[in-house]
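Structure first, commentary second.
Derivation of every value follows stated rules applied to the coordinates shown; laboratory data play no part. Owing to the predicted nature of the structure, the values given are computational and were not obtained by experimental measurement. Using ideal geometry, Cβ is built from the backbone for each residue, glycine included, and neighbour counts are taken over all protein chains shown.
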């Protein structure tokens with residue numbers, strides 16, 4: 001009886017530990033995926049952990065290179081409604097294919113006043129070899 005209780009207690013602790021790991025993993029990876037118009041429609045407090053998709057506007061790229069890493073200020077336009085734009089500040093390694101008209105996904109948070117998105121990750125959309133060049 002004593003050995004059975006020990007096994008039940010050990011199994012209970014194992015289940016609690018696994019449950020904690022799963023729950024903390026879900027909470028850390030919980031991130032909104034928004035387009036530019038959705039990010040602008042939400043309050044800055046609701047966009048504290050988000051991925052935002054948009055196209056770099058034709059005049060929306062300013063690069064400043066440093067040692068190893070670069071800084072960029074982007075103006076992302078909504079794919080459906082290009083008049084809606086979001087200003088993004090990014091500091092890190094800049095992708096080679098970063099240019100106006102490129103689709104990008106930025107991860108980060110909206111500033112307190114809601115006009116600048118601070119990104120810690122910048123991913124560019126890969127050009128498709130199956131799309132016609134225009």
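Relative to the first principal axis of the alpha-carbon coordinates of the chain, what is the inclination of helix 2-29, with its axis defined by its Cα atoms, in degrees from 0 to 90 and to the nearest 10? That works out to roughly 10 degrees. Sorting the segments 45-55, 94-104, 13-23 by their residues' average number of neighbouring beta-carbon atoms within 10 angstrom, most packed first, yields 45-55, 94-104, 13-23. Computed over the alpha-carbon atoms, the chain gives an Rg to Rh ratio of 1.24, Rh here being the Kirkwood radius from the mean inverse distance.
For the range 35-106, what does the alpha-carbon gyration tensor say about shape, rounded, prolate or oblate, given a ≥ b ≥ c as the root eigenvalues, a/c under 1.5 as rounded, and a/b over b/c as prolate? Because a/c hits 1.5 or more and a/b fails to exceed b/c, the range 35-106 counts as oblate.
Beta bridges assigned by DSSP with both partners in the chain are antiparallel in approximately 80 percent of cases.
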